[in-house]
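The values are calculated or read from the model by the stated rules, or taken from the named source; none is laboratory data. Nothing here was measured: the structure is a model prediction, and the numbers come from that model. Heads up, the Cβs are rebuilt from the backbone with ideal geometry, glycines too, and the neighbour counts pull from every protein chain shown.
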Amino acid sequence: MTSRRHFLRSCTAVIALPALESFGFRRFASAADAASTARPKRAIFLNFGWGVTNETWFPDVKQTGADYTLPPGLAPLARHKADFTVVQGLSNKFANEAHWGSTFWLTGANRYAEPGQSFHNSISVDQVIAAQLGRDTRFASLQLNSPDVASSGHGPGLSLAWDLRGKPVAGLENPVLAFHRLFSADSTSLAERQALLAQKRSVLDAVTTDAGDLQRGLNKTDNDKLDEYFQSIRDIETRLGKDEQWLNVSKPKAALAEPKPGLAGRDEIQVMYDLMVAALQTDSTRVITYRQPVGTLLTSLGIKVAPHDMSHYSPGDRMEASQKRDAVQSELLAGFLDKLKATKEPDGTSLFDHTMLTYGSNIRTIHYLDNCPTLIAGGAAGVKLGQHVVAPKNTPLCNAWLTLINGLGIKSDRHGDSTGVLKEIQG
């Protein structure tokens, strides 16, 4: 019998076709039967710089559990209240740069951890997850960006993602690039692509041999640099192996049209969310990060306050701009959750049921780096949903990341500066 996995990889119109029983899709006779066929888990991390409006985004700390009132900044998410949890009290203890909104958000690293260096980072939680969830997909992970980096409060890095060595992972800067990476067919012939991959491997082999000869007689500093170089070679080999694995597999057809060029702000975020749904629906990837724009979002809303000035608000135009930003971001997130819930799996469940989504910022407002705004949704990690949790002050944000890692079925004792799991959200 043709396996369902073969069907997903080889069919070029997977979205348009019905669930065919011959390929492993069938109506389940009972809930127990449906449960026996595990759906793949997914993970999404959404980050924005400049924080939120402290007075109107966070729920009242006296109202915890399920019986809490949504504040104005989260009010557009009301229809999803039972399906997400807001966590207060989390922070990265080593963070000291309010303008570096995404650099250490998923890593919890100490930038001064390496003696003599002014910058150090470690692996981000998405890449920890991708090492396992990304084995069976064309893209182990997908990094989405916006060209609006500086005015959005993001610091060093090429996306939210950082690899095992703490080096930045490149991202796709606009919806058009993301669309073509996911869905555009390669016009190069199979023979030409095979030859190109063989050529790349030949070059790698030659470089590795030369570097190995060079290694003899080097001092420790130079050996450390060479080890880092070898790790880069191994990373390239891994990517080539992934390319070879999918060389004969056509990309799926997209369920949406190619985005218009030049989208920015609100329109960009909305289309990026649509692309994420399509990427998960076609099983092109199971791990996605998105470093969102803030500066162009304000412009698209007709707000003339500068993003940095907005974060240093006081009652008046700046605070109104901050509150408007919060509301629109929540509206866009609510629409994204709508689509995840509406996209059905073969067993009748939804993408939302098998996705873990986090949404937040590295600061709460101004330059305050404690109480990072944190919202967690989706059923993949077994987190308690519909809750307002107030963790002890300065609980490591990485405790939440470690909890999600373990909830996705990945065994790990720590991540970044974690001190343990966040028991308050464990299911």
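Condition check: closer than 17 Å to Gln329 by Cβ and surrounded by fewer than 23 Cβ atoms within 10 Å (Cβ to Cβ). Does Val271 satisfy that? Here the answer is yes, as Val271 does meet what is asked. All of Asn174, Asn121 fail the test of being closer than 30 Å to Met310 by Cβ and within 16 Å of the chain's Cα centre (by Cα), apart from Asn174. For Phe58, are the conditions met, namely being touching a residue at least 40 places away in the same chain (Cβ under 8 Å) and within 22 Å of Gly265 (Cβ to Cβ)? Against the criterion (touching a residue at least 40 places away in the same chain (Cβ under 8 Å) and within 22 Å of Gly265 (Cβ to Cβ)), Phe58 does not qualify.
Taking first residues from segment 290-314 that are farther than 30 Å from Asp126 by Cα and partners that are hydroxyl-bearing (Ser, Thr, Tyr), the Cβ contacts under 8 Å between residues at least 6 apart in sequence or on separate chains come to Ala306/Ser151; Tyr313/Thr53; Tyr313/Ser322; Tyr313/Thr365. The condition (being assigned by TED's automatic domain parsing to the domain that holds Met272, free of Cβ contacts under 8 Å to residues at least 24 places away in the same chain and polar (S, T, N, Q)) is satisfied by just one residue among Ser330, Ser361, Ser350: Ser350. Among the residues making up segment 142-178, those that are over 19 Å from Gly416 (Cα atoms) and touching a Ser or Thr at 6+ places or on another chain (Cβ under 6 Å) are Leu142, Gln143, Asn145, Asp148, His154, Gly171.
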